[in-house]
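J.: The structure's right below; bear with me while I get my questions together.
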Amino acid sequence: MTGRTAVPEVIWARPERAGRGPRAAYSRADIAAVAVRIADADGLDAVSMRHVATELGCGTMSLYNYVPRKEDLYELMVDAISGEHEPWEPTGDWRADMLRVAHQTRALMHRHPWLPRLMSPVYGFSPNALRYLEHCLVCLDPLDASYGTKMELIAMLNGVVTTYVGNELATAERTRSLPWSAEQEQAMRIAYLGSRIATGAYPRMAAAFAQDAGPIDLEAVFERALGRVLDAFEPKG
């Protein structure tokens, strides 16, 4: 296809539009905005070069002059959402600031439910992603650790948020597809689980449920997961 190359290429190192001819009619921001709008409305699977080209009002082959691969289109989308991170003046409390980053990321993923599917380290060096990483490192200035360790902290925190939100979104999607309510299903499953535990075949599970029968506070679980990641990076002594 037009614009494809046989060697690795970073889209940010390319000109906005490849090839000769008239001046570029669209910016990368224009293309990303259309793709994000499609994904927000109809899901990631609805995003295609043809669909984006149609929404822009150009031919599919013309779009390849701007975006050589669909993977590059995804990278433009992730970069656009990375730009929605709102930096602030760090407080000097690196834990509090990184918790704020984590909550902001979670909110972004709920605004754009397709985003967890595209989270990848290879998209971490786009213009907006670099600004996000720099802000995180500024927040981590008070932490006595190497930059490699700080980058690991950022990656681990993002991993926890991505996994947690991915589960939240999958659960919500499944619930929407059921002919009964989530509460009805939960009651049925708890009753079944209780009948299994009552057989005596699972003594440790029985002890666990006797100790804490629930319900599970999922917000508290999220906070504890974030806190445990940050605990691992607290300077010892």
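The values are calculated or read from the model by the stated rules, or taken from the named source; none is laboratory data. This structure is a prediction, so every number in the text was calculated from the model and none was measured. Virtual Cβ from ideal backbone geometry, glycine too; neighbours counted across all protein chains shown. Heads up: the accessible areas ignore ligands, DNA and RNA and are worked out on the full protein's heavy atoms, side chains in. Shrake-Rupley method; radii C 1.70, N 1.55, O 1.52, S 1.80 Å.
J.: Select from the range 228-237 the residues that are modelled with pLDDT of 95 or more and open to solvent by 90 Å² or more (accessible area, probe 1.4 Å) and list them in ascending order.
T.: Matches in the range 228-237: ARG228 only.
J.: If you check PRO87 against the conditions, is it open to solvent by 40 Å² or more (accessible area, probe 1.4 Å), in a loop (DSSP other than H, G, I, E, B) and either more than 24 Å from TYR132 (Cβ to Cβ) or modelled with pLDDT under 95 (or both)?
T.: Values: open to solvent by 40 Å² or more (accessible area, probe 1.4 Å): yes; in a loop (DSSP other than H, G, I, E, B): yes; either more than 24 Å from TYR132 (Cβ to Cβ) or modelled with pLDDT under 95 (or both): yes.
Taking the combined requirement at face value, the residue satisfies it.
J.: Among the residues of the range 65-74, write down those that are in a helix (DSSP H, G or I) and either open to solvent by 20 Å² or more (accessible area, probe 1.4 Å) or of a type in the set (A, V, I, L, M) (or both).
T.: Looking only at the range 65-74, we keep the residues that are in a helix (DSSP H, G or I), and these are 70-74.
LYS70, GLU71, LEU73, TYR74, listed by residue number.
A quick yes/no check of all residues on (1) in a loop (DSSP other than H, G, I, E, B); (2) modelled with pLDDT under 95:
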{"position": "MET1", "(1), (2)": "yes, yes"}
{"position": "VAL7", "(1), (2)": "yes, yes"}
{"position": "TRP12", "(1), (2)": "no, yes"}
{"position": "GLU16", "(1), (2)": "yes, yes"}
{"position": "TYR26", "(1), (2)": "yes, yes"}
{"position": "ILE38", "(1), (2)": "no, no"}
{"position": "ASP45", "(1), (2)": "no, no"}
{"position": "ARG50", "(1), (2)": "no, no"}
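J.: Taking PRO113 as the residue in question, decide whether it is open to solvent by less than 40 Å² (accessible area, probe 1.4 Å), in a loop (DSSP other than H, G, I, E, B) and not charged (D, E, K, R). Talk me through it step by step, then tell me what you get.
T.: Values: open to solvent by less than 40 Å² (accessible area, probe 1.4 Å): no; in a loop (DSSP other than H, G, I, E, B): yes; not charged (D, E, K, R): yes.
When the stated conditions are applied, PRO113 does not pass them.
J.: When the residues of the range 41-54 are narrowed to those that are of a type outside the set (Gly, Ala, Ser) and surrounded by 15 or more Cβ atoms within 10 Å (Cβ to Cβ), which ends up farthest from the chain's Cα centre (by Cα)? Lay out the reasoning, then the answer.
T.: Step one: of the range 41-54, the residues of a type outside the set (Gly, Ala, Ser) are 42, 44-45, 47, 49-52, 54.
Going one step further and asking which of them are surrounded by 15 or more Cβ atoms within 10 Å (Cβ to Cβ), we end up with 44, 47, 49, 51-52, 54.
Numbers: LEU44: 13, VAL47: 17, MET49: 22, HIS51: 23, VAL52: 22, THR54: 27 Å.
Restricting to residues being of a type outside the set (Gly, Ala, Ser) and surrounded by 15 or more Cβ atoms within 10 Å (Cβ to Cβ), the top hit is THR54.
J.: Here's another thing I want to ask about it. Cβ-Cβ distance below 8 Å, separation of 6 or more or different chains: which pairs start in the range 222-237 with a residue that is touching a residue at least 40 places away in the same chain (Cβ under 8 Å) and end on one that is among the β-branched types (Val, Ile, Thr) and open to solvent by less than 80 Å² (accessible area, probe 1.4 Å)?
T.: Once the first residue is touching a residue at least 40 places away in the same chain (Cβ under 8 Å) and sits in the range 222-237, its partners that are among the β-branched types (Val, Ile, Thr) and open to solvent by less than 80 Å² (accessible area, probe 1.4 Å) give ALA225/VAL160; LEU226/VAL160; LEU226/VAL161; VAL229/VAL160; PHE233/THR149.
J.: On to the next question. Please enumerate the residues belonging to the range 193-227 that are over 31 Å from the mean Cα position of the chain (by Cα), in a helix (DSSP H, G or I) and surrounded by fewer than 10 Cβ atoms within 10 Å (Cβ to Cβ). Talk me through it step by step, then tell me what you get.
T.: Keep residues of the range 193-227 that are over 31 Å from the mean Cα position of the chain (by Cα), which gives 193-213.
Pick out the ones that are also in a helix (DSSP H, G or I) and you get 193-197, 203-211.
SER195, PRO203, ARG204, ALA210, GLN211 - these are the residues of the range 193-227 that are over 31 Å from the mean Cα position of the chain (by Cα), in a helix (DSSP H, G or I) and surrounded by fewer than 10 Cβ atoms within 10 Å (Cβ to Cβ).
J.: If the requirement is being open to solvent by 90 Å² or more (accessible area, probe 1.4 Å) and assigned to a helix (DSSP H, G or I), which of these qualifies: GLU168, GLU152?
T.: Numbers: GLU168 fails: open to solvent by 90 Å² or more (accessible area, probe 1.4 Å).
The match here is GLU152.
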